[in-house]
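First up is the structure itself, then whatever we jot down about it.
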Amino acid sequence: MADYGLIGEKLGHSFSAVIHKEFGYDYELKELSPSELASFMSNPPYVGFNVTIPYKQTVMPYLDEIHPDASEIGAVNTVVVKNGKRFGYNTDFAGMKFALYAYGIRPEGKDVLILGSGGTARTARALLKSLNAKRIRTVSRTGELNYENLRLEGKDAEIIVNTTPVGMYPNNDGCPVDLAWFPRLQGVFDAVYNPLTTRLVATAKERKIAAGNGLIMLVAQAKFARDLFFETPCDDAVIHDVLRKIERVKQNIVLVGMSGCGKTTIGKLLADRLDKTFVDTDEELIKIFSKSIPEVFREDGEEKFRAAEREVVEALSKQNALVIATGGGAPLSDVSRERLRQNAVTVYLTRNIKSLDRTGRPLAISEQRVREMLEIRDPIYRKTSDFVVSNDATPQETVDKILRELKI
């Protein structure tokens, strides 16, 4: 049994164990039902542990001493057990501050909206107050400022901090507000970290607004918790090192490009090199239809194929640590493009048009037809991708080029 861990009600998709292990110690996840909490807190089996939803407030009566900052916030996310006593702290405060500054979001003198009213919202309010935000308002479903009157009453907002679970896995399509309502908006921070890019953050970035998700906050608060566990601080620079490692582990790599450009071959090699799982969307569709792609087009029609393809893309995009080879037409759907990018780095794989394999490609009936398709698809592939790599060399050389772009 590890000496450190995380308690919460549902922890199946938590990144915490992976993060804390990067700081050099064993760390485990322990799910507790509400009825089990009192027994656990009476005799914690850990030297130190973190606390997440829904126990950040409910653990407080079981603690012998609570740091003044955590008391003021009204939430504890870190507990240190020493000489039989339980000491409570809130490292989310420092973690959120680190995250805001890392994304270039400066609340000083700004009009700020906090979406949500739970423990993380209380942390956000305390932090924003300490950073001298000009005005801090909480948006909730039933409060004075709510989602019904927000468009009018909140239009002057310059920064938005989302502390609700809207947009969190598995409901990745959710977005708590329409950013078009806020013409003065300069910064967006979303405490959600799974998916790695929520719709809220993606929309903000499209509008050239400084924005980021909660993963760096999670890593930063873990670092500050580690400092409490061991009573010896380490340099804050390690936060960025651990963040990059976690992103490399958790991110999907999506390959887009024309049919026959080698996405399957390159994807399999890339997955082997990075210890990720390889998935081909066309192969998944073959399993669903129990027939080849040309047979699907001939017998069921392209419309039915595309609808099933969108469902496959949606399911895969919610997972982590995959290399996904997409069908040539998959990124043509606005919805599919958005979903694929939520947890991924996207690579546009190009190839000389004469070298494209047209075998079994129902739309690639001639080289002229392929040229016509490429003229339409190329700008979409480029808009979708984070970078472009030519696959006109050997497969290993192409993989090496992708890894260099990924800085691995």
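The values are calculated or read from the model by the stated rules, or taken from the named source; none is laboratory data. As the structure is a computational prediction, the values presented were derived from the model and not from experiment. Positions of Cβ are generated from backbone atoms using ideal geometry, with glycine treated the same way; all protein chains shown enter the neighbour counts. The area values use the complete protein model at the heavy-atom level, side chains included, leaving out ligands, DNA and RNA. Shrake-Rupley method; radii C 1.70, N 1.55, O 1.52, S 1.80 Å.
Could you tell me the calculated FRET efficiency between E302 and E231, based on Cβ-Cβ distance and R0 = 56 angstrom, to the nearest 0.05?
Rounded to the nearest 0.05, the efficiency is 0.30.
Antiparallel as a % of all DSSP beta bridges within the chain, to the nearest 5?
20 percent
Which lysines does K155 reach when only Cα atoms under 22 Å apart count, and residues fewer than 8 places away in its own chain are ignored?
K110, K129, K134, K205, K208
With θ set to phi - 60° and the Karplus curve 6.51 cos²θ - 1.76 cosθ + 1.60, what are the ³J(HN,Hα) couplings of region 213-230 in order, to the nearest whole Hz, using x for Gly and Pro?
Coupling constants for region 213-230: 9, x, 5, 5, 5, 4, 5, 5, 5, 5, 4, 5, 5, 4, 4, 6, 4, 9 Hz.
Would you look at the GNM of the chain, springs on alpha carbons closer than 10 Å, and say which of I209, I246, I286 moves the most?
Maximum fluctuation in the GNM of the chain, among the listed residues, is at I286.
With springs only between Cα atoms under 10 Å, which of N50, N352, N146 fluctuates most in a Gaussian network model of the chain?
N352
Give me the accessible area of E314, 1.4 Å probe, in Å² rounded to the nearest 10.
The accessible area comes out at roughly 50 Å².
Order D227, D26, most accessible first, counting only protein heavy atoms with a 1.4 angstrom probe.
On the way: D227 25, D26 105 Å².
Final ranking, largest accessible area leading: D26, D227.
Give the long-range amide H neighbours of N252: residues separated by 5 or more places, or on another chain, with amide H under 5 Å away, using H modelled in the peptide plane at 1.01 Å from N.
Amide H neighbours of N252, under 5 Å, 5+ apart: A321, L322, A344, V345.
What lysines sit close enough to K82 to cross-link, taking a C-alpha to C-alpha distance under 22 Å and skipping anything fewer than 8 places away on the same chain?
K82 reaches K21, K30, K56, K223.
So who's got an amide H within less than 5 Å of the one on R135, skipping anything under 5 residues away but keeping other chains? H placed 1.01 Å off N, in plane.
K110, D111, V112
What are the ³J(HN,Hα) couplings of region 150-159, residue after residue, when phi is run through the Karplus curve with 6.51, -1.76, 1.60 and θ = phi - 60°? Round to Hz, x for glycine and proline.
4, 4, 8, 6, x, 5, 8, 4, 10, 9
R141 to D173: extension gain in nm, 0.36 nm per residue of separation minus the Cα-Cα distance? Don't skip to the end; give the middle numbers.
Numbers: separation 32, 0.36 × 32 = 11.52 nm, distance 1.92 nm.
Here the answer is 9.6 nm.
Rounded to the nearest 500 deg cm²/dmol, what is the calculated helix-only ellipticity per residue at 222 nm for the chain, with -39500 (n - 2.57) per DSSP H run of length n ≥ 4?
My calculation for the chain gives -12000 deg cm²/dmol from helical runs alone.
If you rank K383, K134, K318, K268 by how much accessible surface each has, with a 1.4 Å probe, what is the order from largest down?
Largest to smallest exposure gives the sequence K383, K134, K268, K318.
I'd like the accessible area for M258, computed on protein heavy atoms only with a 1.4 Å probe and all protein chains in place. Round to 10 Å², please.
10 Å²
Round to the nearest 10 and report in Å² the accessible area of K245, as given by a 1.4 Å probe over the protein chains' heavy atoms.
90 Å²
Largest first, what is the accessible-area ranking of D64, D334, D173 with a 1.4 Å probe?
Details: D64 80, D334 105, D173 60 Å².
Most to least solvent-accessible, the answer reads D334, D64, D173.
Given H placed on each backbone N at 1.01 Å, which residues far from T78 in sequence or on other chains put an amide H within less than 5 Å of it?
V51, Y89, T91
Just one of (i) 1.06; (ii) 1.48; (iii) 1.10 is Cα Rg over 2.2 N^0.38 Å calculated from these coordinates, so which is it?
Read-out from the structure maps to (iii).
Given a 1.4 angstrom probe, what's the average accessible area per residue across the chain, in square angstrom? Kindly include the intermediate steps, with their values, before the conclusion.
Values: 18990 Å² over 408 residues.
Computed with neighbouring chains in place, this is 47 Å² per residue.
How many percent of the accessible area of the chain is carbon or sulfur, using a 1.4 Å probe? Please report the intermediate quantities before stating the final value.
Numbers: 9000 of 18990 Å².
The C+S portion of the solvent-accessible surface of the chain is 47 percent.
Hey, in the GNM for the chain with a 10 angstrom Cα cutoff, which one of A202, A344, A220 fluctuates hardest?
Of A202, A344, A220, the most mobile in the Gaussian network model is A202.
Among all the aspartates and glutamates, which ones have a C-alpha under 13 Å from K318's C-alpha, if same-chain residues fewer than 8 places away are not counted?
D173, E338
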